[in-house]
Amino acid sequence: MATHLKNLSDFSHTTIPSASPYHFAIVTAHWNAEITGALYEGAYQFLIKQGADPDHILSLTVPGSFELSSGADMVLQHKKVDAVICLGCVIKGDTPHFDYICSAVAHGVTNVGIKHSIPAIFGVLTTDNELQAKERAGGRHGNKGEEAAATAILMASLKSQLQ
Ligand SMILES: Nc1c(NC[C@H](O)[C@H](O)[C@H](O)CO)[nH]c(=O)[nH]c1=O
Ligand SMILES: CC(=O)[C@@H](O)COP(=O)(O)O
């Protein structure tokens, strides 16, 4: 399975730069709140462990994953952050709705990051069922929220090196 091959899931804290210089926003979708809450806790606690100032982490909630792009755009329009982490969980149902949401949020988060030249991190689970989601939100396949936070720190560090 591809998940066990993911480098980030094997990262050690020593390979990620300190988060202390940076300001972060975490935008979390309320849909599938048990899962997205676990993603949020993973992301938030990872940032803190890496030295982020709690006062430099802005946390917001949007209704669903489809709104993550809009939420991230609003944050980047009004707040100075070094990276925005978008967390959600889309679980396949009986209709193609899943495909439209997943495509929209993937493209939307990408476009928001490019629009603002601020790293916008795609921390959205797109699963066939609830079990797969639970396995990736603190279960046997790790916590994608932690990985999203690690990615945010790495990208913020990269940008600071280029300036
Ligand atoms: N089915 C899921 C949704 N659906 C809601 C959409 O994200 C959106 O809020 C609605 O279409 C109104 O624009 N959202 C998730 O995050 N996860 C799902 O499984
Ligand atoms: C991903 C979704 O929006 C999904 O929960 C909707 O379920 P359905 O396709 O059965 O309406």
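Note on the range 47-60: among residues that are in contact with a helix residue (DSSP H, G or I) (Cβ under 8 Å, 6 or more places away or on another chain) and open to solvent by 50 Å² or more (accessible area, probe 1.4 Å), the one that is farthest from residue 16 (Cα to Cα) is 60.
A single member of 79, 115 is open to solvent by 30 Å² or more (accessible area, probe 1.4 Å) and closer than 23 Å to residue 41 by Cβ, and it is 79. Scanning the range 102-145 for residues that are among the small types (Gly, Ala, Ser), more than 24 Å from residue 58 (Cβ to Cβ) and outside any helix (DSSP H, G or I) gives 139, 142.
Which of the residues spanning the range 63-101 are outside any loop (DSSP other than H, G, I, E, B), within 9 Å of ligand 1 (Cβ to nearest atom) and within 18 Å of the chain's Cα centre (by Cα)? Don't jump to the end; show me each part of the working.
First, the residues of the range 63-101 that are outside any loop (DSSP other than H, G, I, E, B): 65-78, 83-91, 97-101.
Those still in the list that are within 9 Å of ligand 1 (Cβ to nearest atom) too: 65-68, 88-91, 97-98, 100-101.
Correct list: 65, 66, 67, 68, 88, 89, 90, 91, 101.
Could you list, in sequence order, all residues of the range 86-103 that are in contact with a helix residue (DSSP H, G or I) (Cβ under 7 Å, 6 or more places away or on another chain) and more than 11 Å from ligand 2 (Cβ to nearest atom)? If the condition is that a residue be in contact with a helix residue (DSSP H, G or I) (Cβ under 7 Å, 6 or more places away or on another chain) and more than 11 Å from ligand 2 (Cβ to nearest atom), then 86, 87 are the ones that fit.
The combined condition, being modelled with pLDDT of 95 or more and either farther than 26 Å from residue 17 by Cβ or β-branched (Val, Ile, Thr) (or both), is not fulfilled by residue 117.
No other residue among 43, 19 is within 17 Å of residue 156 (Cα to Cα), open to solvent by less than 70 Å² (accessible area, probe 1.4 Å), at pLDDT 95 or above and part of a loop (DSSP other than H, G, I, E, B) apart from 19.
The values are calculated or read from the model by the stated rules, or taken from the named source; none is laboratory data. What you are looking at is a predicted structure, and each value in this text was computed from that prediction instead of being measured. We place every Cβ from the backbone using ideal geometry, glycine too, and count neighbours over all the protein chains shown. Keep in mind that these areas ignore ligands, DNA and RNA; they rest on the heavy atoms of the full protein, side chains included. Shrake-Rupley method; radii C 1.70, N 1.55, O 1.52, S 1.80 Å.
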